Amino acid sequence: MLITSAPMKTILFGEHAVVYGYPAIASALDIYVYTKIRKITEPTLIIKSREYNLEWRYGEPVPKELKPVVEGVIKSIERDFDVKLHKAGIYAEIFSDAPPACGLGTSAGTSVSFTLALLKYLDVHYDKDLINKYAFEAEKISHGKPSGIDNTIAVYGGILKYIKGPPPKIEQLSQMTPLNLILVDTMIPKNTKKAVMMVSDLRAKYSIIDNIMASIGKIAEEAWRELRKGEDADIEKLGTLMNINHGLLSSLGVSSSKIEEIVHFLRNNGALGSKLTGAGIGGFVLGIIRSEAIKEIKKKLNTVGYRYFISSINMSGVKLLKQK
Ligand code: MEV
């Protein structure tokens with residue numbers, strides 16, 4: 001039996017613009033997707049998703065929720081390692097701390113934790129780059145035209161600056177800025193594929209969108225310079241950059257009235273900055289907050305009844321949690 005975990009993520013700066021080649025900055029969260037694999041006597045491969053409440057057996061039609069894992073990860077591993085898993089005697093169970101389609105990279109976290117679990121179980125040689133490659137195959141199935149940032153952060157953890165490839169340019173922060181991230185759920189499922197398509201349609205019609213993308217890229221660069229200062233980073237400035245980034249995302253049409261409500265709720269209750277994070281429309285809203293203000297904002301969030309996480313930054317990326 002073995003269990004792996006992969007962190008979920010939040011995009012601090014630069015979503016959507018990252019699809020067009022501009023830098024984005026993502027942080028891994030202290031919230032996880034897990035895969036547990038155990039041996040079974042039955043000669044088959046079964047995958048159970050707790051969150052989607054479904055089970056798939058090798059050979060059956062693949063439910064769309066499991067297509068990324070089956071057609072991205074399993075197929076790639078079967079091809080590259082010349083194995084057939086239809087008689088493997090494997091029961092894999094996937095579960096997570098946050099619901100699927102919430103915008104915190106559950107789909108990437110799923111592919112990444114599943115890939116590590118399967119490679120470990122098969123006892124084959126691998127490295128993190130290989131996990132990332134398979135998880136990117138899976139992301140292409142779930143999102144159509146992903147930049148690759150979600151799988152990359154789930155594999156490596158920490159805070160990354162990411163420019164899409166091939167090959168992607170990735171920089172990792174060497175000294176960490178202590179950030180308290182607050183994530184509030186809009187309770188509206190996000191749809192990355194749809195949001196990316198909407199932005200692409202808008203860009204095809206209005207040339208100004210390219211300038212907006214370039215401005216988002218500049219914000220990400222400026223934020224990166226600040227984050228590289230580690231302990232000395234100006235958190236207030238990062239907050240303001242987040243607010244500006246949010247305004248530009250709204251102009252791309254990926255905000256919504258619920259997102260705006262939460263963005264302003266956070267700003268009015270002690271957050272230094274707030275923005276939508278990930279694809280938008282639904283999903284989560286991100287804020288940064290000083291440690292001293294956490295207690296107060298929690299009280300307010302509880303009074304309104306929002307569902308939220310307060311998270312620090314995961315440093316290790318995908319990991320084997322247990323093996324026996
Ligand atoms: C989704 O988490 C982030 C987007 O920029 C899409 C992508 O990068 O693939 C909206």
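The values are calculated or read from the model by the stated rules, or taken from the named source; none is laboratory data. Note that the coordinates shown come from a computational prediction; the quantities given were computed from them, not determined experimentally. Ideal geometry is used to build each Cβ from the backbone, glycine not excepted, and the neighbour counts take in all protein chains shown.
For the range 80-97, filtering for residues that are surrounded by fewer than 17 Cβ atoms within 10 Å (Cβ to Cβ), in contact with a helix residue (DSSP H, G or I) (Cβ under 9 Å, 6 or more places away or on another chain) and within 20 Å of Y34 (Cβ to Cβ) leaves 0.
Restricting attention to the range 256-295, which residues are away from the ligand (no atom under 13 Å from the Cβ), part of a loop (DSSP other than H, G, I, E, B) and either within 18 Å of K237 (Cβ to Cβ) or under 21 Å from the mean Cα position of the chain (by Cα) (or both)? It would help to see each step written out before you state the result.
Of the range 256-295, the ones away from the ligand (no atom under 13 Å from the Cβ) are 256-274, 285, 287-295.
Next, only the ones that are part of a loop (DSSP other than H, G, I, E, B) stay: 256, 269-272, 290.
Matches in the range 256-295: S256, G270, A271, L272, R290.
Within the range 42-70, residues that are under 13 Å from P100 (Cα atoms) sit with their Cβ atoms under 8 Å from residues that are assigned to a strand (DSSP E or B) and among the aliphatic types (A, V, I, L, M), at 6+ positions apart or across chains, in these pairs: S49/I94; R50/I94; E51/I94; E65/L54; L66/I47; L66/L54. Within the range 308-323, if we keep just the residues that are assigned to a loop (DSSP other than H, G, I, E, B) and modelled with pLDDT of 95 or more, the residue that is surrounded by the most Cβ atoms within 10 Å (Cβ to Cβ) turns out to be V318. In the set (1) within 12 Å of the ligand (Cβ to nearest atom); (2) surrounded by fewer than 24 Cβ atoms within 10 Å (Cβ to Cβ); (3) over 26 Å from I46 (Cβ atoms); (4) at pLDDT below 95, the condition left unmet by H143 is number (3).
Looking only at residues in the range 116-126 that are under 18 Å from T35 (Cα atoms) and free of Cβ contacts under 8 Å to residues at least 60 places away in the same chain, which one is farthest from the ligand (Cβ to nearest atom)?
As a first pass, look at the range 116-126 and keep what is under 18 Å from T35 (Cα atoms): 116-124, 126.
Still in the list and also free of Cβ contacts under 8 Å to residues at least 60 places away in the same chain: 119, 122-124, 126.
Values: L119: 24, L122: 29, D123: 32, V124: 28, Y126: 24 Å.
Once the filter is applied, the top-ranked residue is D123.
Do we find that V155 is buried (at least 23 other Cβ atoms within 10 Å of the Cβ), part of a helix (DSSP H, G or I), more than 13 Å from the chain's Cα centre (by Cα) and among the aliphatic types (A, V, I, L, M) in this structure? Taking the combined requirement at face value, the residue does not satisfy it.
Taking I77 as the residue in question, decide whether it is surrounded by fewer than 23 Cβ atoms within 10 Å (Cβ to Cβ) and farther than 30 Å from S274 by Cα.
yes
Checked against the criterion of being surrounded by 15 or more Cβ atoms within 10 Å (Cβ to Cβ) and over 30 Å from V199 (Cβ atoms), the candidates L29, L45 yield just one match: L45.
This table checks each residue for (1) part of a strand (DSSP E or B); (2) within 16 Å of the ligand (Cβ to nearest atom).
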residue: M8; (1), (2): yes, yes
residue: I11; (1), (2): yes, yes
residue: V19; (1), (2): no, yes
residue: I25; (1), (2): yes, yes
residue: A28; (1), (2): yes, yes
residue: Y34; (1), (2): yes, no
residue: Y52; (1), (2): no, no
residue: E55; (1), (2): yes, no
